[in-house]
1. Return yes when residue 205 is modelled with pLDDT of 90 or more, out of contact with any Leu (no Cβ under 6 Å at 6 or more places or on another chain) and not assigned by TED's automatic domain parsing to the domain that holds residue 363 and no when it is not.
2. For the stretch 237-252, state whether one or more residues are in contact (Cβ under 8 Å) with a residue 12 or more places away in the chain, of a type in the set (Ser, Thr, Tyr), touching a Gly at 6+ places or on another chain (Cβ under 9 Å) and over 23 Å from residue 42 (Cβ atoms).
3. Can you pull out every residue in the stretch 88-129 that is aromatic (Phe, Trp, Tyr), surrounded by 15 or more Cβ atoms within 10 Å (Cβ to Cβ) and farther than 30 Å from residue 222 by Cα?
4. Let me spell it out: the conditions are (1) within 18 Å of the chain's Cα centre (by Cα); (2) at pLDDT below 95, and residue 290 meets all of them except one. Which number is the exception?
5. Answer yes or no as to whether residue 212 is in contact with a Cys (Cβ under 9 Å, 6 or more places away or on another chain) and touching a residue at least 12 places away in the same chain (Cβ under 8 Å).
6. Could you pull out every one of the helices (runs of 4 or more DSSP H) wholly within the stretch 107-167 that has 3 or more residues that are in contact (Cβ under 8 Å) with a residue 12 or more places away in the chain and over 27 Å from residue 371 (Cα atoms)?
7. If a residue must be more than 15 Å from the chain's Cα centre (by Cα) and either assigned to a helix (DSSP H, G or I) or of a type in the set (D, E, K, R) (or both), how many such residues does the stretch 43-54 contain?
8. Looking only at residues that are more than 20 Å from residue 81 (Cβ to Cβ) and among the aliphatic types (A, V, I, L, M) in the stretch 222-249, which one is surrounded by the fewest Cβ atoms within 10 Å (Cβ to Cβ)?
Amino acid sequence: MTVVMDPASSADRAPRRRWLDRAGLPRTLAWGYLGVLVFMIGDGVESGYLAPYLLDEGLSKQQVALLFSVYGVTASVAAWFSGALCDLWGPRRVMTLGLGIWVVLQIALLLFALPTTDFPLLLISYGLRGLGYPLFAYGFLIWVTAVTPRRRLGSAVGWFWFAFTGGLPTLGSLVASFAVPHIGAYGTLWLALGLVAAGGAVALLLVREPTGRRRLAPAGERPLATLIGSLAIIWRRPRIGAGAVVRAINTAPQFGFLVFLPVFFTETLGFTLSEWLRLLSAMFATNIFFNLVFGVVGDRIGWQRTVAWCGGVGCAVTTLLLYYGTVAAGDDFPMAVVLVSFFGATLAGYVPLSALMPSLAPDHKGQAMSALNLGAGASTFLGPALVGLLLGPLGVEGLMWVFAVLYLASAFLTAFLRLPSPQEGTDR
């Protein structure tokens, strides 16, 4: 018997497939991108109000700072190990683990820790919940790098960062701004749990691509060797180590800016706090859009060249423009929007690093991504540490020059991120 396919059904699918192909979005992982976006919206709901909420509940500033520090450390550890665990177990299993950790510890936070404001319980539930989102999100990123052809990998990782930053903090904070006035701060945390569970379900149930269900490390490699290799690869393959340093420089100034720019913009330049928050939103909104742009640009002109010129040199220029331009313009809000948007755009120039790093070690993509994520975690400490050390003696102007020089150094380091030819092998 001949089976006749429904022509309307085929016609409906074909345009969607062509659109996904043109956009650089892997068809087999399309639902995963949506799942990551919804998951990260849920994860980002609390980002704009959790600290003041905990203070209102009776915690001291020192306790809140410690709580967030523990969360940051656990998130950095999970980001580092995500690649090694994907090598060992496969991305889908790592994502499932991350989702499970997030959901279970959020329930513990809401049912036991917050109602009693028991600080040790808060440290355990919220602090350890930081393990959840990196395992889920970065597990999916490694899945993307494992299955996407090299010619489209820049675009594919650009879409990942679009989904990631679109959720945290952008749409997550927007959801909170509407939810908190209607259902309260505590109820909004339950909403966040629902969003995370929904995003996780979409990604894990609807993505059927088979590569993510199996380990990525070579057959026969022992678990301990895989875990140790996630750190040893930094010095075993100097190109990977250089890439980790570039990644640390990428967002170190961004985290440093969050420490001192609010005071600089409000007390020195004369902006209101609301204006500063809108400027910060403009910076991140621009960054989200250019995550896609530079993913495509990287595929067209080369990942290494994009990171060096659009990321390193671009950020060096826009960092100095951000300082000297705002000082010259004063509290000119439209001009400030333009200047912070320039910085947000060039910050996205580093997006092709997520395609470049696993391609430097094609036989150990998970370990290479662990090194990249280690650099990302280090940036959360490096930026604020530089501010603490240098803001006093150098002032804002001197600190901006330090950040600009760091960006130029990262552009120089990208010269070592040359993709190996088949004849060279990989241990370089």
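1. Values: modelled with pLDDT of 90 or more: yes; out of contact with any Leu (no Cβ under 6 Å at 6 or more places or on another chain): yes; not assigned by TED's automatic domain parsing to the domain that holds residue 363: yes.
The answer is yes for residue 205.
2. First, pick out the residues of the stretch 237-252 that are in contact (Cβ under 8 Å) with a residue 12 or more places away in the chain: 237-252.
Right, trim to of a type in the set (Ser, Thr, Tyr) and you get 251.
Now drop any that are not touching a Gly at 6+ places or on another chain (Cβ under 9 Å), which leaves 251.
From what is left, the residues that are over 23 Å from residue 42 (Cβ atoms) are none.
No, there is no match, as no residue in the stretch 237-252 is in contact (Cβ under 8 Å) with a residue 12 or more places away in the chain, of a type in the set (Ser, Thr, Tyr), touching a Gly at 6+ places or on another chain (Cβ under 9 Å) and over 23 Å from residue 42 (Cβ atoms).
3. Start the filter on the stretch 88-129 by keeping residues that are aromatic (Phe, Trp, Tyr), which leaves 89, 102, 112, 119, 126.
Next cut, surrounded by 15 or more Cβ atoms within 10 Å (Cβ to Cβ) only: 89, 102, 119, 126.
The answer is 119, 126.
4. Residue 290 satisfies every listed condition except (2).
5. Values: in contact with a Cys (Cβ under 9 Å, 6 or more places away or on another chain): yes; touching a residue at least 12 places away in the same chain (Cβ under 8 Å): yes.
Taking the combined requirement at face value, the residue satisfies it.
6. It comes to 119-122.
7. Of the stretch 43-54, the ones more than 15 Å from the chain's Cα centre (by Cα) are 45-46, 48-54.
Checking which are either assigned to a helix (DSSP H, G or I) or of a type in the set (D, E, K, R) (or both) leaves us with 45-46, 48, 50-54.
Residues meeting the conditions: 8.
8. Let us first name the residues in the stretch 222-249 that are more than 20 Å from residue 81 (Cβ to Cβ), namely 238-239, 242, 246, 249.
Of the ones still in play, those that are also among the aliphatic types (A, V, I, L, M) are 242, 246, 249.
Values: 242: 20, 246: 28, 249: 26.
Residue satisfying both the conditions and the ranking: 242.
The values are calculated or read from the model by the stated rules, or taken from the named source; none is laboratory data. Keep in mind that this is a model prediction, so the values were computed, not measured. We place every Cβ from the backbone using ideal geometry, glycine too, and count neighbours over all the protein chains shown.
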